[in-house]
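This report concerns only the one structure given below.
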Amino acid sequence: MAYLSMGEAHRRITEYLNRFSDAVSFQDGASLKQLLSVSSNSPSLLSLADSLNVFQDANRLIKQSEKYSQFGEIIAPFFRCMQSYRTGNLLDAYHAFEKAANAFLPEFRNWESAWALEALYVVAYEIRILAERADRELAFNGKSPEKLKGAGSFLMKVFGVLAGKGPKRVGALYVTCQLFKIYFKLGTVNLCRSVIRSIETARIFDFEEFPKRDKVTYMYYTGRLEVFNENFPAADHKLSYALMHCHPHNEANIRMILKYLIPVKLSIGVLPKDWLLEKYGLVEYNNVIQALKRGDLRLLREALQEHEDRFLRSGVFLVLEKLELQVYQRLLKKIYIIQKQRDPSKAHQMKLEVIVKALKWLEIDMDLDEVECIVAILIYKNLVKGYFAHKSKVVVLSKQDPFPKLNSKPVNS
C-alpha cells in the first residue's frame, strides 16, 4: 500500500459518509448497494479500509454530524468490518457485518417504498459469503464452524420483513435462494420446506412477478430437492423451467442445471444428445447413456464406479443406479429382436437361459433364479409385458408392445 497521509485518509472517510447519506436521502439504491458490497473488493472500499487503518477516529466523524450519526449503528460496525476484511480477519469481519446488517434491517423496514431492495440483496449476499469464509477460518483453527447457521437465522428475519403486502415482497425470492444455498451447504435441506410453503401457498406472492434471475435459481434448487425426494416429474418440470429461462450465455449455470436434469431425463426414458454433453463438459454421462442404448449392464456399472465420487457429491448416484432396470429392459429387447429375425413365430417366447448367456457374455454371472427375479420386477414395473411359463423356464412376451416406452414417466409411476 502506498503512503497515505492522515489528511487524505480523513477526506476518503468523509467522502464515504457523504455518499452513504446522499444515497439514502435521494433513495439511490444502486449507490447504496455499492457502498455495502464488502466482498466485491472494489477499489473505493479497499481504499476506505486503508484509510480507516490510518485514521483511527472515524467514530468521532460519525458522531459529530447528525447527517451521519442517524446511520451510525450501520456505518460504525461496517467500518470495523472493512478494517478486519482488509487485514484478512474474516471472523471479526463477519461479526461486524452481522451487527451492521441487524441495524440496516429496521431502517429498511421503515422506508416506505422498495427503493433499497438492491442494497438489501447485497446485505443478504454478503452475510452469507462472509459467514462461509468465517467458517473456513474457524475450521482451519480447529474450531466449530457455526456462522453460516447464524447467517441463515438472520436471513429468515429478512424474509419475514419481505413477506408482506406491498412492493418489497418481490425481494422474498432472492432471500429464499440465499437461504437455499445455506441449507444445501449445511446439509439441512429439510429447512427449505417452510420457505417453499410460504412462497408457493401464500396468497401475497405471485410467482410470475418475481425477477427472472430469482425464479431460475428458485426452480434449480427446488428441482434438486425433488430429485432427492425421487419425485421425477416435478424435478423434470422445475429443472426444465430453470434451463429454459436461464441466460443462454451463462454456460456455468446451464451446466449446473444439466448436471441434475440429465439424470432426471434418463430416469423417465429421455436421452440427451451427444453434443449437449460435449458442449457443457458433462462427459461423465457418456457411458451411462451408451449403456442404456445398448442394454449393457457391465458398461453402466463401470461408468458408475468410475465417476462414483462425482455422482455422490452431486447426489445423483442412486438415481443413476436405478437405471439398471431400463438397461435390463433394453437387453431383453435386443434378445427379442434377434429372435424375431431368426424365427418370427417364436420371438415372443424367451428362455431364461438365453438371458443368462447374454449376461455371461457381459461378464455378469447370474443363475436362472436371479434372472427370473429380475424379469418379474420388470413385469411388475411395466417395463416388460408378459408372464412366466414356470415349468419350461420361459418368459412369454405380449405380442403387442412387449417393451412399453416410459413416455416421460418414471418407472412404475
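What dipole magnitude, in Debye to the nearest 20, does region 76-148 give about its Cα centre under +1 on Lys/Arg Cβ and -1 on Asp/Glu Cβ? Write out the running numbers ahead of the final one.
Details: 9 positive and 10 negative charges, 46 e Å.
About 220 debye.
Be a star and scan region 41-65 for residues whose amide nitrogen sits under 19 Å from the point 7 Å along the Cα-to-Cβ vector of His10.
Residues 48-65 qualify, since their backbone N sits under 19 Å from the label point.
Which of the listed residues, Ile13, Leu292, Phe159, is farthest toward the dipole's positive end in the chain, when Lys, Arg count +1 and Asp, Glu count -1 at the beta-carbon?
Final value for the positive-end residue is Leu292.
Could you work out the relative contact order of the chain? I mean the mean sequence separation of Cα pairs under 8 Å and 6+ apart, divided by the number of residues, in percent.
Values: 483 pairs, mean separation 35.5, N = 413.
About 9 percent, as a whole number.
Which residue fluctuates most in the GNM of the chain (Cα springs below 10 Å): Lys147, Lys259, Lys351?
With Cα springs under 10 Å in the chain, the top fluctuation among Lys147, Lys259, Lys351 is at Lys351.
Any chance you could give the angle, 0 to 90 degrees and rounded to 10, that helix 72-86 forms with the longest Cα principal axis of the chain?
60 degrees
Compute the length gained on full extension between Asn382 and Leu46: take 0.36 nm times their separation in residues and subtract their Cα-Cα distance, giving the result in nm to one decimal. The partial results should precede the final answer.
Details: separation 336, 0.36 × 336 = 120.96 nm, distance 6.36 nm.
Fully extending the segment from Asn382 to Leu46 adds 114.6 nm.
Restricting things to Cα coordinates, could you compute the convex hull volume per residue of region 224-264 in Å³? Each step should come with its number before you reach the end.
Details: hull volume 2.1 nm³, N = 41.
Roughly 52 Å³ of hull volume per residue.
Angle check, please: helix 212-228 long axis (alpha carbons) against the longest principal axis of the chain (alpha carbons), in degrees 0 to 90, nearest 10.
Relative to the chain, helix 212-228 is tipped by roughly 50 degrees.
Any idea what angle helix 232-245 forms with the longest principal axis of the chain, computed on alpha-carbon atoms, 0 to 90 degrees, nearest 10?
50 degrees
May I ask you to give the percent of accessible area on the chain that is carbon plus sulfur, with a probe radius of 1.4 Å? Please report the intermediate quantities before stating the final value.
Numbers: 10570 of 21030 Å².
Taking all protein chains in place, the chain shows 50 percent carbon and sulfur surface.
Provide the FRET efficiency to the nearest 0.05 for the Asn89-Ala202 pair, computing r from the beta carbons and using R0 = 35 Å. Walk me through the numbers on the way to the answer.
Working: r = 40 Å, r/R0 = 1.16.
It comes to 0.30.
Semi-axes of the chain's equivalent ellipsoid from the Cα gyration tensor, sqrt of 5 times each eigenvalue, largest first, rounded to whole Å?
Numbers: eigenvalues 717, 92, 53 Å².
The answer is 60, 21, 16 Å, longest axis first.
Per residue, how large is the accessible surface of the chain? Use a 1.4 angstrom probe and give square angstrom. The partial results should precede the final answer.
On the way: 21030 Å² over 413 residues.
In whole numbers, the chain has 51 Å² accessible per residue.
With the chain treated as a Gaussian network of Cα nodes joined by springs under 10 Å, which of Leu225, Leu35, Leu61 yields the largest mean-square fluctuation?
For the chain, modelled as a Gaussian network with Cα springs under 10 Å, the answer is Leu61.
Between Glu230 and Lys185, 0.36 nm times their residue separation minus their Cα-Cα distance comes to what?
Values: separation 45, 0.36 × 45 = 16.20 nm, distance 2.02 nm.
Once the chain is fully extended between Glu230 and Lys185, it gains 14.2 nm.
Check cross-link reach from Lys351 to the aspartates and glutamates: straight Cα distance under 20 Å, and skip same-chain residues fewer than eight apart.
Asp296, Asp343, Glu363, Asp365, Asp367, Asp369, Glu370, Glu372, Asp401
Whole-Å semi-axes of region 288-413's equivalent ellipsoid, largest first, each the root of 5 times a Cα gyration tensor eigenvalue?
Working: eigenvalues 139, 51, 34 Å².
The three semi-axes for region 288-413 are 26, 16, 13 Å.
Could you calculate the FRET efficiency of Ser153 with Gln305 from 1/(1 + (r/R0)^6), where r is the beta carbon distance between them and R0 is 60 Å, rounded to 0.05? Please report the intermediate quantities before stating the final value.
Values: r = 41 Å, r/R0 = 0.68.
Efficiency, rounded to the nearest 0.05: 0.90.
Taking the Cα-to-Cβ direction at Gln64 and at Asp369 and moving 7 Å from each Cα, how far apart do the two end points lie in nm?
9.2 nm
Over region 224-283, what relative contact order in percent results from Cα pairs under 8 Å that are six or more residues apart? Before the final figure, lay out the partial values.
Numbers: 40 pairs, mean separation 19.1, N = 60.
Averaging sequence separation for qualifying contacts and normalising by length gives 32 percent for region 224-283.
The values are calculated or read from the model by the stated rules, or taken from the named source; none is laboratory data. Everything quoted here is computed from the prediction, not taken from an experiment. Glycine also receives a Cβ, built like all others from the backbone with ideal geometry; neighbour counts cover every protein chain displayed. Areas reflect the complete protein model, heavy atoms only, side chains present, ligands, DNA and RNA absent. Shrake-Rupley method; radii C 1.70, N 1.55, O 1.52, S 1.80 Å.
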